[in-house]
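The values are calculated or read from the model by the stated rules, or taken from the named source; none is laboratory data. Worth saying up front: this structure is predicted, and the values here are computed from it rather than measured. For neighbour counting, all protein chains shown are included, and Cβ atoms are generated from backbone atoms with ideal geometry for every residue, glycine included. Calculation scope for accessible area: heavy atoms of the full protein, side chains included, ligands and nucleic acids excluded. Shrake-Rupley method; radii C 1.70, N 1.55, O 1.52, S 1.80 Å.
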Amino acid sequence: MWLTPAMQDLLLDAANETALMVLAAAGIAIAAGLPLALLLQATAPDGIARHAAVNRVLGVVVNAIRSVPFIILMVAIVPFTRAVAGSSIGTTAAIVPLAIAATAFIVRLFETALRDVDRGLVEAAQAMGATRLQIVTHVLVPEAAPGLVAAITVTLVSLVGYSAMAGAVGGGGLGDLGIRFGYQRFMPEVMAIVVVLLVLVVQGMQTLGDALVRRISRK
Amino acid sequence: MNALTPHVAAHVAAQDAGRALVSLRDLRKSYASAAALDGVSLAVARGRIFGIVGRSGAGKSTLLRCVNLLERPDSGQVHLDGQDLLTLDRAALNTVRRRIGMVFQHFNLLARRSVADNVALPLELAGVPAAARSARVAELLSLVGLADRAGAYPAQLSGGQKQRVGIARALAGRPSLLLCDEATSALDPETTTEILLLIRDLRDRLSLTVLLITHEMAVVKAICDEVAVLERGRVIEQGRVFDVFTRPQHPTTANFVAEVIGTTLPDGALGRLPAPQPGTQRRILRILFAGPHASRAVISEASREFGIDLNIIAGRVDAIGGAPFGVLAVAADGPPGRLMQATAWMRGLGLAIDAIDAIAAEPAALAA
C-alpha cells in the first residue's frame with residue numbers, strides 16, 4: 001500500500017464522518033420531510049384538507065431554504081446550530097444545516113411523488129368512507145412508495161455532495177480530506193482515492209435505490 | 001315535452017322520497033365557469049338499475065358524485081333511504097359511504113396491492129378483523145369470477161378483470177346502492193357486455209339498487225330499467241327505458257336512441273330501388289314497432305289492404321328488457337291517397353311512423 005498508515009487512518013475517519021453526516025441528515029430529512037410533504041399536498045387546492053394559507057406559508061419557507069446556497073446556509077444558521085448541537089463546529093454540528101437543507105430538498109421531491117398518486121385512488125378511498133388519515137396511510141403513502149424511495153435516493157446522493165462543504169464548519173468527511181490533503185498539501189493520490197470512493201458510494205446508492213424502486217413498484 | 005318543471009319535479013321527488021332508495025331534489029351546483037347541475041330531481045326506486053345518460057359535460061359525473069357527496073351540491077337535497085345526507089357530519093357521512101359501493105371508469109385500483117388486498121381495502125378501512133376480511137374477500141372474488149387471481153396485481157389483469165376487482169371491492173361492505181361511473185367506457189364491446197351482465201346479475205342476486213352514468217345509450221338499453229337524459233345540467237327526459245326508446249320526446253333523446261336502434265339506410269340503397277310505377281308516389285318511411293302490435297304482420301297487411309308496395313330497405317328487430325320492438329325503413333310506393341290511408345292505419349295500431357324522405361336524400365344524415 002502506498003498510503004502511510006496515518007493517512008489510511010485519516011481516510012477511514014473521513015469515510016466514517018461522511019457516512020455519519022449523510023445518514024443522520026437523511027434520517028432527519030425523511031422523518032421531517034414526509035409529514036411536511038403530506039401537509040403541503042393535503043392543503044393544496046385539490047388536496048384532502050385544502051388550506052390556502054398553510055399551503056402558501058409552507059411553500060414559501062421551503063423555497064426560501066432551498067434558494068440559499070448550502071455554504072451560506074451553514075454559516076447563516078450558526079446560532080441555531082449551536083443551540084441544537086451544543087457547538088457550531090464538528091461533525092455533529094454539520095449535521096444540523098445538512099438536515100435542514102436536505103429536508104427542504106426532500107419535501108419537494110416527496111410532494112411530487114405524492115402528487116403523482118392518481119386522484120382517482122383518493123376519490124375511491126373517499127367513496128369507501130376512508131378518513132383523511134386513512135387516505136394517507138392506506139393510499140397516498142403506500143401508492144407513492146416507489147416515488148418516495150426514488151426521492152430518498154436522490155437526496156442521499158445530494159447529501160454526499162453537500163457534506164463535502166461541511167469542512168467549512170469543521171465537519172470533516174471525505175470531501176474535506178480531499179481539499180485539505182489532496183489539494184492544499186499537493187497529495188494527488190489522496191484526492192484520487194477520495195474521488196474514487198465518492199463515485200463508488202454514489203453509484204452504489206443509486207443502484208440500490210433503483211433496484212428497490214423496481215422491486216416495490218407493481219406497474 | 002316530458003321535461004318536468006323544477007316545481008313539479010320537486011313535488012315528485014318529495015313524494016318518492018318515502019319509497020325510493022335515492023331521492024335527489026332540485027340539486028344545483030355551479031363551478032366558476034358554468035352550472036354543472038341546474039335543478040336536478042330524481043328518485044331511484046329500490047332494486048332498479050337506473051341510468052343517467054348524457055354527453056360529456058352534461059353534468060352526469062357531478063350528479064353521480066352528489067349521491068355520496070364526493071361533490072357537495074350548492075343547494076338541494078340528497079336522501080338515501082330516507083336519510084338527509086347533507087346534514088351529516090364527516091364521521092356519519094363516512095359511515096353512510098361504507099354502505100354505498102362505487103365503481104369507476106378507470107377502475108381506480110391500488111397498483112401496489114394485490115387483487116385480494118384491493119378488495120379487502122374497504123373492510124380494512126371499516127376495521128373488520130383480518131380473519132373475517134379474508135373470508136369475505138374469497139367470497140367476493142368468487143362472486144365476480146376471479147377466485148384464481150387473488151394474488152395477482154392490477155397491472156397483470158385485463159381491463160375486464162380490473163373492473164371485476166373494482167366491482168368486488170365496491171360490494172365488500174354489502175352496500176344497498178351501487179354507483180357506476182362510466183363503468184364500461186374504458187372496455188372493449190365484448191367486455192362491456194360481460195361487465196354489464198355481471199352488474200345485472202349481481203343486482204338480482206344481492207337485491208342491489210344501481211345508479212349508473214354513461215354516455216352510451218347501448219349501456220342503458222342493455223341493463224337499465226329506467227333512464228334519465230341529462231343535458232346542460234337538467235333532466236330533459238326520464239322514464240322506463242322501453243318507453244324512452246320507443247317514444248323519445250326530446251330531440252336529444254331521439255338522437256341518443258338513434259345511436260342504438262336507428263335504422264341506417266345502406267349506402268346507395270335508394271339508388272338501387274327500381275323506379276316507382278307511373279302514377280305512384282314514393283315515400284321513405286321509418287316504422288317503429290312496439291307494444292301489442294309489435295309482432296303483427298303489419299307490412300303484408302298494409303300491402304294487401306291498401307294496394308301499395310312496401311319495399312323493406314333496412315331494419316332491425318330487438319328487445320328491450322324482454323319487450324320486443326322493431327324498426328323498419330321501407331320504400332312505400334302507391335297512389336298518394338292510399339299511402340296516406342296506410343300510414344294513418346298503421347299509426348292507429350300504435351306504430352310510430354316518420355317520413356324520412358327528406359333525411360334520406362342527404363347521405364350524411366341517414367342515421368337519423
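Filtering region A:121-137 to residues that are among the aliphatic types (A, V, I, L, M) and within 11 Å of B:Leu70 (Cα to Cα) leaves A:Val122, A:Ala124, A:Ala125, A:Ala127, A:Met128.
Assess whether A:Arg119 counts as being within 14 Å of chain B (Cβ to nearest Cβ), charged (D, E, K, R) and either touching a Gly at 6+ places or on another chain (Cβ under 8 Å) or open to solvent by 10 Å² or more (accessible area, probe 1.4 Å) (or both). If you could, list the steps in order and put the result at the bottom.
On the way: within 14 Å of chain B (Cβ to nearest Cβ): yes; charged (D, E, K, R): yes; either touching a Gly at 6+ places or on another chain (Cβ under 8 Å) or open to solvent by 10 Å² or more (accessible area, probe 1.4 Å) (or both): yes.
Against the criterion (within 14 Å of chain B (Cβ to nearest Cβ), charged (D, E, K, R) and either touching a Gly at 6+ places or on another chain (Cβ under 8 Å) or open to solvent by 10 Å² or more (accessible area, probe 1.4 Å) (or both)), A:Arg119 qualifies.
For region B:79-92, indicate whether the set of residues that are assigned by TED's automatic domain parsing to the domain that holds B:Arg234, closer than 30 Å to A:Leu148 by Cβ and surrounded by fewer than 20 Cβ atoms within 10 Å (Cβ to Cβ) is non-empty. The answer is yes; a qualifying residue exists. Taking region B:45-63 only, how many residues are touching an Asp or Glu at 6+ places or on another chain (Cβ under 9 Å) and closer than 9 Å to B:Leu230 by Cβ? Residues that pass the stated criteria total 7. Among the residues of region B:184-204, which ones are among the hydroxyl-bearing types (Ser, Thr, Tyr) and more than 14 Å from chain A (Cβ to nearest Cβ)? Matches in region B:184-204: B:Thr184, B:Thr191, B:Thr192, B:Thr193. State which residue is nearest to the chain's Cα centre (by Cα) when the search covers only region B:304-340 and only residues that are assigned to a helix (DSSP H, G or I) and surrounded by 17 or more Cβ atoms within 10 Å (Cβ to Cβ). Among them, the one singled out is B:Leu339. Within region B:128-135, not a single residue is in contact (Cβ under 8 Å) with a residue 24 or more places away in the chain and of a type outside the set (Val, Ile, Thr). The set of residues in region B:187-207 being in a loop (DSSP other than H, G, I, E, B) and within 16 Å of B:Gly166 (Cα to Cα) consists of B:Leu187 alone. Within region B:232-242, the set of residues being open to solvent by 70 Å² or more (accessible area, probe 1.4 Å) and either closer than 22 Å to B:Lys29 by Cβ or in a loop (DSSP other than H, G, I, E, B) (or both) comprises B:Arg232, B:Arg234. Of the helices (runs of 4 or more DSSP H) lying entirely inside region B:90-183, those containing at least 2 residues that are within 13 Å of chain A (Cβ to nearest Cβ) and under 27 Å from the mean Cα position of the chain (by Cα) are B:90-97, B:159-171. Based on this model, can you work out whether B:Phe245 counts as in the same structural domain as B:Leu339 (by TED's automatic domain parsing), under 30 Å from B:Ala45 (Cα atoms), open to solvent by less than 30 Å² (accessible area, probe 1.4 Å) and in contact (Cβ under 8 Å) with a residue 40 or more places away in the chain? So B:Phe245 fails the test. For region B:64-93, the set of residues classified as of a type in the set (D, E, K, R) and more than 14 Å from B:Leu177 (Cβ to Cβ) consists of B:Glu71, B:Arg72, B:Asp74, B:Asp84, B:Asp89, B:Arg90, listed by residue number.
The residues of region B:261-280 that are modelled with pLDDT under 75 and small (Gly, Ala, Ser) amount to a single one, B:Gly262.
Listed conditions (1) within 14 Å of chain A (Cβ to nearest Cβ); (2) closer than 20 Å to B:Pro251 by Cα are all met by B:Val40, apart from (1). If the condition is being surrounded by 20 or more Cβ atoms within 10 Å (Cβ to Cβ) and of a type in the set (Val, Ile, Thr), then region A:1-53 contributes A:Thr18, A:Val22, A:Thr43, A:Ile48. Filtered by the rule that a residue be under 19 Å from the mean Cα position of the chain (by Cα) and within 14 Å of another protein chain (Cβ to nearest Cβ), region A:194-216 gives A:Leu212, A:Val213. Which members of region A:123-139 meet the condition of being open to solvent by 10 Å² or more (accessible area, probe 1.4 Å), of a type in the set (A, V, I, L, M) and either more than 11 Å from chain B (Cβ to nearest Cβ) or touching a residue at least 60 places away in the same chain (Cβ under 8 Å) (or both)? Listed by number, the list holds a single entry, A:Val136.
If you check B:Asp201, B:Asp225, which single one turns out to be over 11 Å from the mean Cα position of the chain (by Cα) and open to solvent by 30 Å² or more (accessible area, probe 1.4 Å)?
Values: B:Asp225 fails: over 11 Å from the mean Cα position of the chain (by Cα).
Just a single option satisfies the conditions, and that option is B:Asp201.
From the list B:Pro274, B:Pro251, B:Pro278, the lone residue that is free of Cβ contacts under 8 Å to residues at least 24 places away in the same chain and in the same structural domain as B:Leu197 (by TED's automatic domain parsing) is B:Pro251.
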